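Scroll down for the structure; my scribbles are underneath it.
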Amino acid sequence: MQLSARTAARAAALVLAVATAAGCAPPTSGGGAKEDTKTGTLRVWLFQEVNNKPKEAAVGKAVADFKAAHRGTDVRVDYIPVDTRAQRIKAAFNDPKSAPDVIEYGNTDTAGYVKDGGLADVSQEFGAWQEAKDTDPTAKQSVTVDGKVYGAPLFVGVRALYYRTDVFKELGIAVPTTQDEVAAAARKIRAERPELYGIAVGGAYTYGALPFLWAHGGELATGRGKDFTAAVNSEKSQAGIKAYADLFGDANCPAAKCAEMGGNDTVAAFAAGKAGMAIGGDFSHQAVEAGKVKGKYAVVPLPGTTKGSIAPAFAGGNNIGVLKSSSHRTLAVDLMKQLAGKDTQRRLFDAMGFLPTYTDVRAEAAKKQPFVKPFVRTLDAGAKFVPVSPAWATIDASLVLPTMYQEIVSGRKDVATASGDAAKKMDEAFKK
């Protein structure tokens with residue numbers, strides 16, 4: 001569920017408080033478990049989906065295959081609520097006796113979990129795993145910290161441009177091929193169909209805004225490991241920030257209504273027939289299909305700044321990792337491979353629509369379901385990821401980027417001031 005900016009701020013404060021409290025508990029031992037038992041029961045924590053039955057079926061097949069190949073083993077799978085994952089996983093890191101062997105985790109959490117000492121380094125096993133050679137580079141980046149691999153990508157999600165085919169035809173608008181054309185199309189739709197947003201945008205929609213920043217050559221930060229430095233205040237980043245901020249206003253999406261909108265809000269507006277365009281994910285497809293625009297929309301990659309280019313999208317998604325504290329390390333790594341392997345990713349795509357992280361399996365998915373093609377094209381063009389730093393969790397939870405965009409679109413600060421202030425907050429987090 002998408003939170004308003006105020007509610008999200010309160011929730012972020014709670015998450016930070018819980019994380020801080022958990023951080024005071026005794027850390028896991030630096031060397032991990034002292035034994036590597038080859039039999040027994042492995043515990044797995046996976047995220048609970050809104051409709052979890054299809055996921056359970058896909059996972060059940062993977063578990064059955066694993067057990068058939070490993071005599072004397074059993075697997076217990078628990079599905080944990082996404083909104084309580086932070087405190088549960090932190091607690092597991094600090095209590096090895098009750099911790100699972102294998103977990104599903106958000107791909108932006110990797111660096112933080114590595115810093116906490118919770119995830120096992122599986123670089124050697126990942127490097128020798130034949131299937132892993134087909135992993136999308138950006139997906140692999142999401143499990144890599146300082147050159148070491150701490151898990152296997154499970155699925156990836158990206159965003160593209162949804163647009164109303166009926167509205168475009170009625171107003172004689174060509175499908176945009178640059179971001180300037182997106183803005184021009186939005187203004188025309190709003191001018192001639194004032195009951196619609198030209199393109200639904202949100203001041204709290206960070207991952208809808210970032211493709212504009214990246215398309216203009218900007219970056220969130222530069223460096224690696226503990227040496228990241230914020231770059232949102234660079235000249236190129238500011239140009240991309242301005243391009244997105246310029247979509248707010250009476251000529252498209254009034255700031256009074258759109259400043260606090262998040263990604264779910266913008267997709268909901270499009271699905272309800274209240275917008276001519278929206279930036280939505282492959283994971284938004286079902287919601288749009290269930291809305292009033294069914295049969296009256298299409299999807300293309302979000303254009304870049306030059307004709308024919310594709311704006312880099314944020315590569316979201318989840319990973320599967322092995323806990324350092326597991327006393328079944330070898331079995332846990334094998335189970336990780338089974339859960340994140342090609343066969344399981346095929347089943348998860350069929351059951352849930354999760355985009356595979358393997359380039360060959362993703363190509364198969366695009367042939368099977370045509371709606372996937374624009375998102376695959378977006379990934380193939382080169383997606384981007386957030387800084388792989390433990391500080392990112394703090395930056396994200398503190399709403400640094402949404403606050404920056406909201407300050408700009410509300411007129412409280414100009415682009416230079418707001419991005420400069422955001423950069424200072426990011427640098428403070430990076431230095432801790």
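The values are calculated or read from the model by the stated rules, or taken from the named source; none is laboratory data. Bear in mind the structure is a predicted one, so any value in this text is a computation, not a measurement. Heads up, the Cβs are rebuilt from the backbone with ideal geometry, glycines too, and the neighbour counts pull from every protein chain shown.
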Legend entry - Residue match in region 122-129 (condition: at pLDDT 95 or above, of a type in the set (S, T, N, Q) and assigned to a strand (DSSP E or B)): no
Legend entry - Subset of region 161-204 (residues that are surrounded by fewer than 19 Cβ atoms within 10 Å (Cβ to Cβ), touching a helix residue (DSSP H, G or I) at 6+ places or on another chain (Cβ under 8 Å) and part of a loop (DSSP other than H, G, I, E, B)): ALA174, VAL175, ARG193
Legend entry - Leading residue by the ranking (nearest to HIS216 (Cα to Cα)) among those in region 351-367 that are in contact (Cβ under 8 Å) with a residue 40 or more places away in the chain, part of a helix (DSSP H, G or I) and of a type outside the set (S, T, N, Q): ARG362
Inset, instruction - Those residues that are small (Gly, Ala, Ser), at pLDDT 95 or above and within 23 Å of the chain's Cα centre (by Cα), I need them from region 222-240; list them, please. - result: ALA230, ALA231, SER237, GLY240
Inset, instruction - Please verify whether region 74-86 includes one or more residues that are part of a helix (DSSP H, G or I), at pLDDT below 90 and over 17 Å from GLY321 (Cβ atoms). - result: yes
Legend entry - Selection status of ALA251, among the small types (Gly, Ala, Ser), under 27 Å from ALA111 (Cα atoms) and in contact (Cβ under 8 Å) with a residue 12 or more places away in the chain: no
Legend entry - Single unsatisfied condition, PHE212 versus (1) under 19 Å from ALA271 (Cβ atoms); (2) buried (at least 23 other Cβ atoms within 10 Å of the Cβ); (3) in contact with a Phe, Trp or Tyr (Cβ under 6 Å, 6 or more places away or on another chain): (1)
Inset, instruction - Could you list, in sequence order, all residues of region 57-101 that are closer than 23 Å to GLY341 by Cβ, acidic (Asp, Glu) and touching a helix residue (DSSP H, G or I) at 6+ places or on another chain (Cβ under 9 Å)? - result: ASP65, ASP74, ASP101
Inset, instruction - State whether one or more residues within region 368-386 are closer than 22 Å to VAL149 by Cα, small (Gly, Ala, Ser) and assigned to a loop (DSSP other than H, G, I, E, B). - result: yes
Legend entry - Subset of region 87-105 [buried (at least 16 other Cβ atoms within 10 Å of the Cβ) and either assigned to a loop (DSSP other than H, G, I, E, B) or in contact with a Ser or Thr (Cβ under 9 Å, 6 or more places away or on another chain) (or both)]: ALA92, PHE93, ASN94, PRO96, ALA99, PRO100, ASP101, VAL102
Inset, instruction - Sort out for me the helices (runs of 4 or more DSSP H) sitting completely within region 230-321 that have 1 or more residues that are farther than 30 Å from GLU428 by Cα and polar (S, T, N, Q). - result: 263-271, 285-289
Legend entry - Failed item in (1) touching a Leu at 6+ places or on another chain (Cβ under 7 Å); (2) under 12 Å from TYR197 (Cβ atoms); (3) β-branched (Val, Ile, Thr), with THR266 passing the rest: (1)
Legend entry - Unmet requirement for LYS373, which otherwise passes all of (1) touching a residue at least 12 places away in the same chain (Cβ under 8 Å); (2) touching a strand residue (DSSP E or B) at 6+ places or on another chain (Cβ under 9 Å): (1)
